[in-house]
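J.: Here it is, the structure in full.
Please treat every number below as a calculation from the coordinates, not as lab data. Keep in mind that this is a model prediction, so the values were computed, not measured. Heads up, the Cβs are rebuilt from the backbone with ideal geometry, glycines too, and the neighbour counts pull from every protein chain shown.
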Amino acid sequence: MPRRFFDDQDFHAGQAEDLGTSASHHIGKVLRMTVGDELVVFNGRGGEWQARITAISKKAVTIEPFTFTAEDRCAPLAVTVALPMIKGERMDYAIQKATELGAGALVILDTERCEVRLKGERQEKKRSHWQQVAISACEQCGLNRVPVVQGVLSLRDWLASDLPVLKLIAHPGERPFSAAALQGQTELALLTGPEGGFSDDELQQAADAGFRPFALGSRVLRAETAPVALLAALWAWRG
């Protein structure tokens, strides 16, 4: 199967295009692909192109697209996953796996018990890194629409934003979540907490914003595990 690469530009059959710095470096310097090799490219706006490498220079890899496939392989629900900042590689894991499991958008939150605090240039640098993690996950798993990584936002600000009608928070609550709530829904928001959990005040804020408790029994999941496990449960229940 041809390797897949993301590049944010329009492609046209039979029209040679130079790929951007990231894709060119990966193809030419890391994978050491050669002229004539076939690959797949997508731009995140739907579908993908089969293409062939026609030239490799120090600055760029040139390809010629020849067949377009309109398939997007999107998840059955448009899910916005909001999760806290987590230390180190565990954050990358959460974003990577949430993307593979079909998250339509990712929002990074600053909550009371977050393990990490970032500001200014460091914050933007990390957000760009997390966006690249999502891109790489799409390249690997076959998705053709890359979830936008937004943030870092305060939990209060995000709760006050324009959110879907169905809103779920990773918390056991008093009543088990019913899969019947998913019927007829096309989008939802899934909020997961930090390693230390949400504070009582944050839980109240979420409840006031219309969030419903959603958990897998009474077990407490790690911050990087919760979005992955709960997304998988959503797809199992959605069918």
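J.: Give the relative contact order (percent, whole number) for the chain; include only Cα pairs under 8 Å separated by 6+ residues.
T.: Numbers: 450 pairs, mean separation 47.6, N = 239.
Relative CO of the chain lands at 20 percent.
J.: If you don't mind, another one. When the Debye formula is applied to the Cα atoms of segment 21-130, each taken as the same point scatterer, what base-10 log of I(q)/I(0) results at q = 0.13, 0.16 Å⁻¹?
T.: With one equal scatterer per Cα and no solvent, log10 I(q)/I(0) is -0.72, -0.93.
J.: I need M33, M85 ordered by Cβ neighbour count within 10 Å, fewest first. It would help to have the intermediate numbers written out before the result.
T.: Working: M33 18, M85 21.
Lowest count first: M33, M85.
J.: Same structure, new question: Calculate for the chain the 222 nm mean residue ellipticity that helices alone would give, adding -39,500 (n - 2.57) per DSSP H run of length 4 or more and normalising by residue count, nearest 500 deg cm²/dmol.
T.: Values: 6 runs with 66 residues, N = 239.
After summing the helix terms and dividing by residue count, I get -8500 deg cm²/dmol.
J.: Also, I was wondering about something else. I need two numbers for segment 57-108: Rg to one decimal and Dmax as a whole number, Cα atoms only, in Å.
T.: Expressed in Å, the Cα Rg and Dmax of segment 57-108 come to 16.4, 43.
J.: Based only on Cα atoms, what mean projected area does the convex hull of segment 78-238 have, in nm²? Display every interim value, and only then the final one.
T.: Working: hull surface 35.6 nm².
Taking a quarter of the hull surface, the average projection is 8.9 nm².
J.: Within a Cβ distance under 10 Å of F66, other residues only, what is the Lys/Arg minus Asp/Glu net charge?
T.: The answer is -1.
J.: What is the magnitude of the charge dipole of the chain about its Cα centre, with +1 placed on the Cβ of each Lys and Arg, -1 on the Cβ of each Asp and Glu, and no other charges, expressed in debye to the nearest 20? Write down the numbers at each step before the final one.
T.: Values: 27 positive and 30 negative charges, 103 e Å.
The dipole magnitude comes to about 500 debye.
J.: Take the alpha carbon atoms of segment 25-58, find their center, do the same for segment 167-231, and report the distance between the two centers in whole angstrom.
T.: What the calculation gives is 40 Å, centre to centre.
J.: Write down the Å³ per residue value for the convex hull defined by the alpha carbon atoms of segment 4-69.
T.: That works out to 69 Å³ per residue.
J.: Right, another one. Quick one: if the Förster radius is 22 Å, what FRET efficiency do L216 and A180 give, using the C-beta to C-beta distance and rounding to 0.05?
T.: Plugging the Cβ-Cβ distance into 1/(1 + (r/R0)^6) gives 0.80.
J.: Let me ask something additional. Taking 0.36 nm per residue of sequence separation and subtracting the Cα-Cα distance, how much length would be gained by fully extending the chain between E187 and A13, in nm to one decimal?
T.: Numbers: separation 174, 0.36 × 174 = 62.64 nm, distance 3.38 nm.
Value of the extension gain: 59.3 nm.
J.: Can you figure out the FRET efficiency of F66 with T21, using R₀ = 25 Å and their beta-carbon distance, to the nearest 0.05?
T.: On the way: r = 24 Å, r/R0 = 0.95.
E(calc), rounded to 0.05, equals 0.60.
J.: Now for a different question. With label points built 7 Å along Cα→Cβ from the Cα atoms of E195 and A236, find their separation and express it in nm.
T.: Output for this residue pair reads 2.7 nm.
J.: Which whole DSSP H helices in the chain pass both tests: a Cα extent of 30 Å or more along the axis and a mean Kyte-Doolittle value no lower than -1.0? Mind dumping the intermediate values first?
T.: Working: long enough: 120-141 (32 Å, -1.37).
Passing helices, by number: none.
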